[in-house]
Structure formats: C-alpha cells, structure tokens
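The values are calculated or read from the model by the stated rules, or taken from the named source; none is laboratory data. Small disclaimer: the values here were computed from a predicted structure and weren't measured. Neighbour counts are summed over all protein chains in view; Cβ atoms, including those assigned to glycine, are modelled from backbone coordinates with ideal geometry.
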Amino acid sequence: KNKERTNEWSEKTLSVAFSSTKAALALCAHLLIDRGELNSKAKVSEYWPEYGQKGKEETTVEMILNHSAGLPALKTQVKESGFLDWDYMTTLLQEEEPFWTPGEEMGYHMITSGWLIGELIRRVSGKSLGQFFNDEISKPLNLDYWIGLPESEDERVAKVTPFRSSPSDKPSDFADAFKTDLTSMQRLSLTNTGGYDYNAKETYRSELGGVGGITNARSLAGMLTPLAQNNEKLLSKSAVKRLSKPSVNSDIDNMLLFPTNFSEGFMLHMDNRDTFKGEGGSFIIGPNAFGHVGFGGSSATFADPDYKISFGYLVNKLGGEYLINERAQSLIDASYKCVY
C-alpha cells in the first residue's frame, strides 16, 4: 500500500482511479440523457451559455463526450492549485479557444473532460459532479467510490508510486511531441496543471471527474455491473446499447497520436498491437463492450453485455503504458476465457 511496503493492502484499501474515473463521469451524463434532461445533440451553450464563444459556439454535448470538442489541454497558464478550484477551471475552459474546429477532429481530453462534462451535469442537475455521482450511482449501488473523498476516508488511500522513465523506454509519437514542443497539447496537458499533486489530500477532496475518482477494483466493476447485466437499474436497455456504439473513431488521435475508438464517453475495443511503437497502446475487449482505462496502466474497467461481465483493475504504481499494461490485459483475457 505504500512505497516502503510497511502498510499492507487490504479489502478496505482505496486508490486513485485516474482516467478510469471517466467511466463514472460518462455514466453520470448518460443518466441525464436517458431521463431526457440532457440532449447529446444539443449545443453545449444551451446548458452553459458562457461556453458558446471563441470558436466553440457550435460545440455539442456529444463532442464534449467523445473528445472531439477541441479542448484537450489549456493554453492559458493555470494558477497554482487551480485544478482544485472548480469555478476557476470552468471559467478558463469557457474562455479558451479550441485547438481545432469542434467536431472536425478528435483528441483525447485527458484531464479537461472532467470539468467539461462535470459542469454540464452541474448545470442540468443543480448538483456538483461528486454529489450527483454519490446520490445517483455510488450510494444506490453500495459502492466504495468517491469523486471528492470525505476526509474520514483519507487513511484508507494508498499513495501512488510515480513512473520513472529510463533510456530503455520505448519511443512514441506522444513522447516525442512532449519533449520537442513546449506549446504542444501533449506538453500542456501534463505540465500546465497548477502543480497538480495526485497524492495530496486536498486533491482527494476535489471533484476531478477526469482523473480523480478514488475507489477499489471491486467498486470499479460494481458500478458497471447493472450495465453488463442490462437490468435497467441505472439505464434503459436502449441507453446501454448506445454506450457500445462508436461515436468517433480516429485514424490518429490528436492527443495520443495513435488510433483510438470512443463511444459517447467510453473507450471501446482498441487493437494497436501491430502498429503502436510505445508501451500499452491497446485495450482488447469484446466488440460490444465499453469501459475506460487509467494513467500509466494503473486501472481499467469495462462492461460487456454480451457476456454479462463487468471488470475492475486498480493498482497504485504507474507504468509507462498509454492504455493498459500486460497484467491488466492478461486478467481481461482470463475473464473472457471463463465465460466463453
């Protein structure tokens, strides 16, 4: 549970889910879509009027969900601890010019999606993202999962061990862009963060819907179990079917710089094993499965309604993978073998 190996991992241990949190984020949005309170084809400005400026006037909710909105990073310098200030971050985003014309290209919105989707949820529901998730998903399903951790749970959280690069790391186009262009979206997404510290208790408390959920593998899987079993406990059957349909399928993702495949908010099957030169550029799941993976191969979750299985994987050590690591993929493969 800690780097010194003096604090044993237990059933009660929690860890940061990083981008696997986006499965929870997307699910919150789809609850509102399924209820008719949010329309994915509507302009974002119908719900968030201040957003409709500086080339973002025609941006739709679907573009926010499928990573084609053009705001995968911020060009404006983020103030110290800015990530912990919701109003500050949403104001920056609404005043930002997009990297591309929304809807014409796509690029993974690594961190910004949390505020973009989360603000839509807040505007429509009247609740903060963390409160909405707690009321509508986490509590009803009896999950050990928070977007905005209560102080009472801090001691259960395993500190994340960061990835240490080495000369033997496989090269990738993302890494090249990060190193050579200080104004690239790759560089800005990871450095223009206001000193973001994923191990700080202040960060645990903030509602970072793109990267900051805190949970365990059991609850990652448990959140998607009703969708895998298609029992309409959270979403209608037609809504679940929508989650497995590609909304945007890129030849090249502008951010990750390899092909990706997304529905409205969820990652779908991605097989780049024969073409991607970096580490962990694939997510091999069923053709109708949907889920998400987290930073450095540290987490993964998906639901597969064809086989009625849901899956969760979460560790507290980051690797150099862009999607998932070999261990997680081997567990996914083994899970499928159990139900074939």
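Among the residues of the stretch 267-279, is any more than 20 Å from Ala17 (Cα to Cα) and of a type in the set (Gly, Ala, Ser)?
Yes, the conditions are met somewhere in the stretch 267-279.
On the basis of being among the charged types (D, E, K, R), assigned to a helix (DSSP H, G or I) and farther than 20 Å from Leu323 by Cα, does Glu207 make the cut? Working first, answer last.
Numbers: among the charged types (D, E, K, R): yes; assigned to a helix (DSSP H, G or I): no; farther than 20 Å from Leu323 by Cα: yes.
Spelling it out, it is not the case that Glu207 is among the charged types (D, E, K, R), assigned to a helix (DSSP H, G or I) and farther than 20 Å from Leu323 by Cα.
Could you tell me whether His269 is modelled with pLDDT of 95 or more and surrounded by 20 or more Cβ atoms within 10 Å (Cβ to Cβ)?
Working: modelled with pLDDT of 95 or more: yes; surrounded by 20 or more Cβ atoms within 10 Å (Cβ to Cβ): no.
For His269, the condition - modelled with pLDDT of 95 or more and surrounded by 20 or more Cβ atoms within 10 Å (Cβ to Cβ) - is not met.
I want to confirm something. Restricting to the stretch 125-161 and keeping residues that are acidic (Asp, Glu) and surrounded by fewer than 16 Cβ atoms within 10 Å (Cβ to Cβ), which single residue is nearest to Ser45 (Cα to Cα)?
First, pick out the residues of the stretch 125-161 that are acidic (Asp, Glu): 135-136, 144, 151, 153-155.
Applying the additional criterion that residues be surrounded by fewer than 16 Cβ atoms within 10 Å (Cβ to Cβ) yields 135, 151, 153-155.
Values: Asp135: 26, Glu151: 35, Glu153: 37, Asp154: 37, Glu155: 41 Å.
Among residues in the stretch 125-161 that are acidic (Asp, Glu) and surrounded by fewer than 16 Cβ atoms within 10 Å (Cβ to Cβ), the one nearest to Ser45 (Cα to Cα) is Asp135.
Being of a type in the set (Lys, Arg) and at pLDDT 95 or above is the requirement here; does Lys317 meet it? So that I can check it myself, show each step before the final result.
Details: of a type in the set (Lys, Arg): yes; at pLDDT 95 or above: no.
It is false that Lys317 is of a type in the set (Lys, Arg) and at pLDDT 95 or above.
May I ask you to verify whether Leu234 is farther than 23 Å from Arg35 by Cα and either free of Cβ contacts under 8 Å to residues at least 12 places away in the same chain or among the hydrophobic types (A, V, I, L, M, F, W, C) (or both)? If you could, list the steps in order and put the result at the bottom.
Numbers: farther than 23 Å from Arg35 by Cα: no; either free of Cβ contacts under 8 Å to residues at least 12 places away in the same chain or among the hydrophobic types (A, V, I, L, M, F, W, C) (or both): yes.
Criteria not met by Leu234.
Counting just the residues of the stretch 1-44 that are more than 21 Å from Pro140 (Cβ to Cβ) and of a type in the set (Val, Ile, Thr), which one comes out surrounded by the fewest Cβ atoms within 10 Å (Cβ to Cβ)?
My answer is Thr6.
Could you check how many residues of the stretch 106-128 are of a type in the set (D, E, K, R) and not in a helix (DSSP H, G or I)?
In the first step, residues of the stretch 106-128 are kept if they are of a type in the set (D, E, K, R); the result is 119, 122-123, 127.
With not in a helix (DSSP H, G or I) added as a condition, the list becomes 127.
Selection size over the stretch 106-128: 1.
Could you give every pair whose Cβ atoms fall below 9 Å, whose first residue belongs to the stretch 205-231 and is on the phi > 0 side of the Ramachandran plot, and whose second residue is in a loop (DSSP other than H, G, I, E, B), counting only separations of at least 6 or pairs across chains?
Matching pairs, first to second residue: Asn230/Pro305; Asn230/Lys308.
Taking the stretch 179-235 as the search range and keeping residues that are of a type in the set (Asp, Glu) and over 15 Å from Leu84 (Cα atoms), which one is surrounded by the most Cβ atoms within 10 Å (Cβ to Cβ)?
The initial filter retains those residues of the stretch 179-235 that are of a type in the set (Asp, Glu), namely 181, 197, 202, 207, 232.
Then drop every residue that is not over 15 Å from Leu84 (Cα atoms), which leaves 181, 232.
Working: Asp181: 12, Glu232: 14.
Among them, the one singled out is Glu232.
Taking Ser310, is it closer than 20 Å to His109 by Cβ, hydroxyl-bearing (Ser, Thr, Tyr), touching a Ser or Thr at 6+ places or on another chain (Cβ under 9 Å) and modelled with pLDDT of 95 or more?
On the way: closer than 20 Å to His109 by Cβ: no; hydroxyl-bearing (Ser, Thr, Tyr): yes; touching a Ser or Thr at 6+ places or on another chain (Cβ under 9 Å): yes; modelled with pLDDT of 95 or more: yes.
Judged against the criteria, Ser310 is not a match.
One line per residue, one yes/no per condition, for (1) surrounded by fewer than 20 Cβ atoms within 10 Å (Cβ to Cβ); (2) not aliphatic (A, V, I, L, M):
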| position | (1), (2) |
| --- | --- |
| Glu46 | yes, yes |
| Val61 | no, no |
| His67 | no, yes |
| Thr76 | yes, yes |
| Asp85 | yes, yes |
| Leu120 | no, no |
| Arg123 | yes, yes |
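Mind checking which residues of the stretch 291-340 are of a type outside the set (S, T, N, Q), over 20 Å from Leu257 (Cβ atoms), free of Cβ contacts under 8 Å to residues at least 60 places away in the same chain and surrounded by 18 or more Cβ atoms within 10 Å (Cβ to Cβ)?
Residues satisfying the conditions are Ala328, Ile332.
For the stretch 6-40, give me the residue count where each residue is touching a helix residue (DSSP H, G or I) at 6+ places or on another chain (Cβ under 6 Å) and among the basic types (Lys, Arg).
Of the residues in that region, 1 qualify.
For the stretch 125-172, how many residues meet the condition of being among the β-branched types (Val, Ile, Thr) and either free of Cβ contacts under 8 Å to residues at least 24 places away in the same chain or within 30 Å of Phe276 (Cα to Cα) (or both)? Show your work before the answer.
Just the residues of the stretch 125-172 that are among the β-branched types (Val, Ile, Thr), to begin with: 137, 147, 157, 160-161.
Subsequent filtering for residues that are either free of Cβ contacts under 8 Å to residues at least 24 places away in the same chain or within 30 Å of Phe276 (Cα to Cα) (or both) retains 160-161.
Of the residues in that region, 2 qualify.
Which ones in the stretch 54-89 are assigned to a helix (DSSP H, G or I), in contact (Cβ under 8 Å) with a residue 40 or more places away in the chain and of a type outside the set (A, V, I, L, M, F, W, C)?
Residues of the stretch 54-89 assigned to a helix (DSSP H, G or I): 61-65, 82-84, 86-89.
Those left that are additionally in contact (Cβ under 8 Å) with a residue 40 or more places away in the chain: 61-65, 82-84, 86.
Residues satisfying the conditions are Glu62, Gly82.
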